[in-house]
Amino acid sequence: MAGSLEGRTAVVFGVANKRSIAWSIAQGLHAAGAQIAVTYQNERLGLEAQDMILSLPGAASFMCDVSNDAEIDRLFSQLRERYGKLHVLVHSIGFAPDADLNGRFVDTSREGFRITHDVSVYSLIALARAAAPLMEDGGSILTMTYHGAERVMPGYNVMGVAKAALEATVRYLAADLGGRKIRVNAISAGPIKTLAARGIAGFGDMLKGHEERAPLGRRVEVEEVGSTGVFLASDASSGITGEVIYVDCGYNIMGF
Ligand code: NAD
Ligand code: 0WE
């Protein structure tokens with residue numbers, strides 16, 4: 001795969017630390033020859049991001065809180081100034097207020113629902129709209145989803161509803177942007193121990209259940225998500241758009 005993204009520029013959203021799925025995708029894209037821009041949510045996470053990108057020669061980092069339109073506008077003018085064109089956008093962002101993740105779904109607050117959908121779903125629409133004019137040669141947009149969009153996962157709650165909306169958003173964006181040769185896809189990853197998974201009650205048991213039920217008999221490695229990200233970013237996937245690709249060791253196909 002090395003070299004398949006030579007001459008391409010990619011912007012990656014959602015790097016919090018070395019365990020982030022976004023970081024694995026960024027490393028894969030870089031190894032395939034892409035020039036990388038990494039964005040981070042706030043100054044606190046920026047310190048770590050600046051440290052990490054030292055291992056990706058030529059990479060740069062930018063701050064962008066995706067719940068803020070002005071920050072999105074500022075970021076894309078910085079990207080236009082520095083790179084001119086853009087080929088790949090990776091959206092690896094999800095957030096729900098703690099209270100709405102751990103309680104009963106029926107108790108989801110109006111504000112919790114709004115924040116979850118704003119950060120986890122609307123942001124993809126806003127980023128796709130801002131990126132499209134820079135994707136002059138066509139492009140590939142990818143986002144991260146989870147099986148809780150389709151099946152009830154205890155505790156995933158409003159995030160599951162947001163992931164269902166995210167997967168529908170992928171299809172509507174793919175239809176809108178296909179004429180500009182921009183593809184839009186999602187990776188549905190099995191459970192991975194990242195910052196976003198830490199502190200989730202019963203996550204260890206979930207990993208065990210996954211290992212027991214998945215056809216491959218193990219959990220998914222973050223690098224396997226990274227390599228699928230490289231595939232979706234590259235011309236190897238040129239006929240694929242609007243899809244949700246599972247990288248979960250087959251867990252989702254099982255009925256029992
Ligand atoms: P992570 O905590 O490393 O990444 C989540 C990222 O979202 C962080 O970098 C955080 O800074 C960013 N973020 C949150 N709010 C933001 C905002 N307002 N502006 C900008 N950035 C913001 O955890 P992760 O597991 O790598 O999660 C990445 C994606 O993968 C999420 O969409 C998550 O739902 C999805 N996913 C995770 C798993 C898993 O088990 N870890 C499985 C399937 C899908
Ligand atoms: O998408 C996710 C988790 C995303 C997430 C995590 C947090 C923790 C901290 C979103 N918002 C927050 N808010 C916080 O305050 N995953 C796919 C990982 C995950 O989360 C679960 C899971 C799995 C898997 C929650 C319940 C059940 C399964």
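The values are calculated or read from the model by the stated rules, or taken from the named source; none is laboratory data. Please read all numbers here as calculations on a predicted model, not as lab measurements. Don't worry about glycine lacking a Cβ; one is built from the backbone with ideal geometry, like all the others, and counts go over all protein chains shown.
Would you call THR228 polar (S, T, N, Q) and either within 11 Å of ligand 2 (Cβ to nearest atom) or touching a helix residue (DSSP H, G or I) at 6+ places or on another chain (Cβ under 7 Å) (or both)?
It is false that THR228 is polar (S, T, N, Q) and either within 11 Å of ligand 2 (Cβ to nearest atom) or touching a helix residue (DSSP H, G or I) at 6+ places or on another chain (Cβ under 7 Å) (or both).
When you scan segment 18-40, do you find a residue that is loosely packed, with under 14 Cβ neighbours inside 10 Å and at pLDDT 95 or above, even just one?
No, segment 18-40 contains no residue that is loosely packed, with under 14 Cβ neighbours inside 10 Å and at pLDDT 95 or above.
I need the full set of residues from segment 136-157 which are closer than 19 Å to ILE125 by Cβ, more than 10 Å from ligand 1 (Cβ to nearest atom) and among the hydrophobic types (A, V, I, L, M, F, W, C), in order please.
ILE141, LEU142, listed by residue number.
Matching residues to (1) within 30 Å of ASN252 (Cβ to Cβ); (2) surrounded by fewer than 20 Cβ atoms within 10 Å (Cβ to Cβ):
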position: GLN50; (1), (2): no, yes
position: ASP65; (1), (2): no, yes
position: ALA70; (1), (2): no, yes
position: LEU89; (1), (2): yes, no
position: ALA96; (1), (2): yes, no
position: ALA99; (1), (2): yes, yes
position: GLY139; (1), (2): yes, no
position: MET153; (1), (2): yes, yes
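Can you confirm whether segment 5-12 contains a residue that is within 26 Å of SER120 (Cβ to Cβ) and within 15 Å of ligand 1 (Cβ to nearest atom)?
Yes; the residues of segment 5-12 include at least one that is within 26 Å of SER120 (Cβ to Cβ) and within 15 Å of ligand 1 (Cβ to nearest atom).
Could you list, in sequence order, all residues of segment 129-160 that are of a type in the set (Lys, Arg), within 16 Å of ligand 2 (Cβ to nearest atom) and under 25 Å from VAL12 (Cβ atoms)?
none
Hey, can you tell me all the residues within segment 208-223 that are surrounded by 18 or more Cβ atoms within 10 Å (Cβ to Cβ) and either within 22 Å of the chain's Cα centre (by Cα) or of a type in the set (Phe, Trp, Tyr) (or both)?
Scanning segment 208-223 gives HIS210, ARG219, VAL220, VAL222.
When residues of segment 16-59 are filtered for being among the β-branched types (Val, Ile, Thr) and free of Cβ contacts under 8 Å to residues at least 40 places away in the same chain, how many remain?
Qualifying residue count for the region: 4.
Give the residue that is farthest from ligand 1 (Cβ to nearest atom), with candidates limited to residues of segment 158-200 that are under 19 Å from ARG19 (Cβ atoms) and either exposed (fewer than 14 other Cβ atoms within 10 Å of the Cβ) or without any contact (Cβ under 8 Å) to a residue 24 or more places away in the chain (or both).
If we take residues in segment 158-200 being under 19 Å from ARG19 (Cβ atoms) and either exposed (fewer than 14 other Cβ atoms within 10 Å of the Cβ) or without any contact (Cβ under 8 Å) to a residue 24 or more places away in the chain (or both), then GLY199 is farthest from ligand 1 (Cβ to nearest atom).
Evaluate segment 234-244: report whether one residue or more is buried (at least 16 other Cβ atoms within 10 Å of the Cβ), part of a helix (DSSP H, G or I) and in contact (Cβ under 8 Å) with a residue 24 or more places away in the chain.
yes
For residues that are of a type in the set (Ser, Thr, Tyr) and surrounded by 13 or more Cβ atoms within 10 Å (Cβ to Cβ), tally how many sit in segment 72-87.
1
Kindly indicate which of ALA96, ALA130 is closer than 26 Å to ARG19 by Cβ, within 16 Å of ligand 1 (Cβ to nearest atom) and either of a type in the set (Gly, Ala, Ser) or touching a helix residue (DSSP H, G or I) at 6+ places or on another chain (Cβ under 8 Å) (or both).
Only one candidate qualifies: ALA96.
Does at least one position in segment 176-187 carry a residue that is of a type outside the set (D, E, K, R) and within 13 Å of ligand 2 (Cβ to nearest atom)?
yes
Within segment 34-55, work out how many residues are within 16 Å of ligand 1 (Cβ to nearest atom) and either assigned to a loop (DSSP other than H, G, I, E, B) or of a type in the set (D, E, K, R) (or both).
Final tally of qualifying residues: 6.
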